[in-house]
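Remarks on the structure that follows.
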Amino acid sequence: MNHKTSTLCGLALIALLGGCASKPPLAPVAAVTPAPTAAPAQSSSAQSAVAAVQAPVVNTTAPGPDVPKQVYFAFNSAALKAQYKPVVEVNAQFLQSHPAAHLQLQGNCDPRGSQEYNLALGQSRANAVMKAMTLLGASPNQMEAISYGSEKASPARADYAHDRRVDLAYQQ
C-alpha cells in the first residue's frame, strides 16, 4: 500500500509541476494600418444628419424660465383664481407635448393656522391645480400633488400672500 501511495503522490507532483509550466511568449505582430482612401462626397441627407446632430439640445423635462411656475390663492381658499388659469394652461400644454416630463405640485400656506390644517389646505391647493391641469388634457401620471403646509412660509406678515401658493416644480 505504501508503494501505491508513493506512486500516486509522484504522479500528482508531476501533474502539478506540468500545469504550472509557463507558456512560451508570443511573437510580436506588426500593426497593420489601413491605406488612406479618398473620402466620398457627402450627400445632402448625410449633411442634414450631421446638422441634426450638431443642433442644440432642447430641454424636454421643464419649460423655459419665461413660463410662470406659481399659482397664488386667496386666504383660507383652494379655489383657483381666474388670473392664474393661463399659468395652468401653459403648463398643461407643456406636459401634453412632453410625455417624459414630470411635475411636482407643491402646495404651500402662510403660517396662520395649525400645522395639520395648513398641510391639508396645501394639499387641497395642489390637488386643485392638478385637477385643472388634468381637465386641460395633462396626464395625471405626469403629476404628483404634495403639501408643505407652512414649512416654507416667511415669518413676515407682509409675505403671507406670497406664501399662499402652489409651486410647479419640474423633476429631472
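Read-outs: derived from the displayed coordinates by stated rules, not from any lab. All figures in this text were calculated on a predicted structure; none of them were measured in a lab. So basically every Cβ, Gly included, is an ideal-geometry build from the backbone, and we count neighbours across all protein chains shown.
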By Cβ neighbour count within 10 Å, fewest first, 110, 159, 167, 66 rank 66, 159, 167, 110
Need one number: nm distance between label points at residue 135 and residue 169, each 7 Å from Cα along Cα→Cβ, rounded to one decimal. 2.6 nm
For a paramagnetic label modelled at 7 Å from the Cα of residue 161 toward its Cβ, which residues of region 97-123 fall within the zone defined by backbone nitrogen distances under 15 Å? 110
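Based on other C-beta atoms within 10 Å, arrange 133, 143 from fewest to most. Working shown, then result.
Working: 133 25, 143 22.
The order, fewest Cβ neighbours first, is 143, 133.
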Note down the nm distance, to one decimal, between modelled labels 7 Å out along Cα→Cβ at residue 154 and at residue 79. 2.6 nm
